[in-house]
1. Quick check on the stretch 29-83: of everything there that is touching a His at 6+ places or on another chain (Cβ under 9 Å) and among the basic types (Lys, Arg), which residue is modelled with the highest pLDDT?
2. Specify the residue that is surrounded by the fewest Cβ atoms within 10 Å (Cβ to Cβ); the eligible residues are those in the stretch 68-78 that are aliphatic (A, V, I, L, M) and closer than 14 Å to residue 6 by Cα.
3. Filter the stretch 38-67 down to the residues that are part of a loop (DSSP other than H, G, I, E, B), surrounded by fewer than 21 Cβ atoms within 10 Å (Cβ to Cβ) and of a type outside the set (Gly, Ala, Ser) and list them by number.
4. Mind checking which pairs have a first residue in the stretch 63-80 that is over 17 Å from residue 45 (Cα atoms) and acidic (Asp, Glu) and a second that is at pLDDT 90 or above and surrounded by fewer than 20 Cβ atoms within 10 Å (Cβ to Cβ), Cβ under 7 Å, 6 or more apart or different chains?
5. Of the residues in the stretch 1-18, how many are of a type outside the set (Lys, Arg), surrounded by fewer than 16 Cβ atoms within 10 Å (Cβ to Cβ) and in a helix (DSSP H, G or I)?
6. Does the stretch 20-35 include one or more residues that are outside any helix (DSSP H, G or I) and free of Cβ contacts under 8 Å to residues at least 60 places away in the same chain?
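The values are calculated or read from the model by the stated rules, or taken from the named source; none is laboratory data. In this text the structure is predicted, and so the values were computed from the model without any measurement. Counting neighbours? That spans all protein chains shown, and the Cβs are built from the backbone with ideal geometry, glycine included.
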Amino acid sequence: MEDVIKQAAWDSIQEGRPDILQAAIRAYVEQFGHKQVVERAGIKSRTSAYRSLKPEVSPNFGTLVQLGHAVVEIAQEQQSQTI
């Protein structure tokens, strides 16, 4: 999963299309649950976090980075619990 997010971030930067990273992160946020990811990311405004994941919105890159770090941390925790 971390590799997918890294590749999406790279492609987003190369193409000048934040929607690529947005879509990758949104998929993982939906998998883990919005509430859990937003809390882990430390984003105070849930509305802002939810809005940044909507396909029709041009997201704030900083918010995407926070959400991306949160989903990677959650995935790593879940993986370590299954081992």
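1. Going through the stretch 29-83, the residues touching a His at 6+ places or on another chain (Cβ under 9 Å) turn out to be 40-41, 46, 49-50, 53.
In the following step, the residues that additionally are among the basic types (Lys, Arg) were identified as 40, 46.
Details: 40: 95, 46: 85.
Ranking the qualifying residues of the stretch 29-83, first place goes to 40.
2. Once the filter is applied, the top-ranked residue is 72.
3. Here is the first cut: in the stretch 38-67, the ones part of a loop (DSSP other than H, G, I, E, B) are 42-45, 53-60.
Retained after the next criterion (residues that are surrounded by fewer than 21 Cβ atoms within 10 Å (Cβ to Cβ)): 42-45, 54-58, 60.
The answer is 43, 44, 54, 55, 56, 57, 60.
4. Correct list of pairs: 73/40.
5. So the count comes out to 9.
6. Initial filter on the stretch 20-35 (outside any helix (DSSP H, G or I)): 33.
Among the residues that remain, those that are also free of Cβ contacts under 8 Å to residues at least 60 places away in the same chain are: 33.
Yes: the stretch 20-35 contains one or more residues that are outside any helix (DSSP H, G or I) and free of Cβ contacts under 8 Å to residues at least 60 places away in the same chain.
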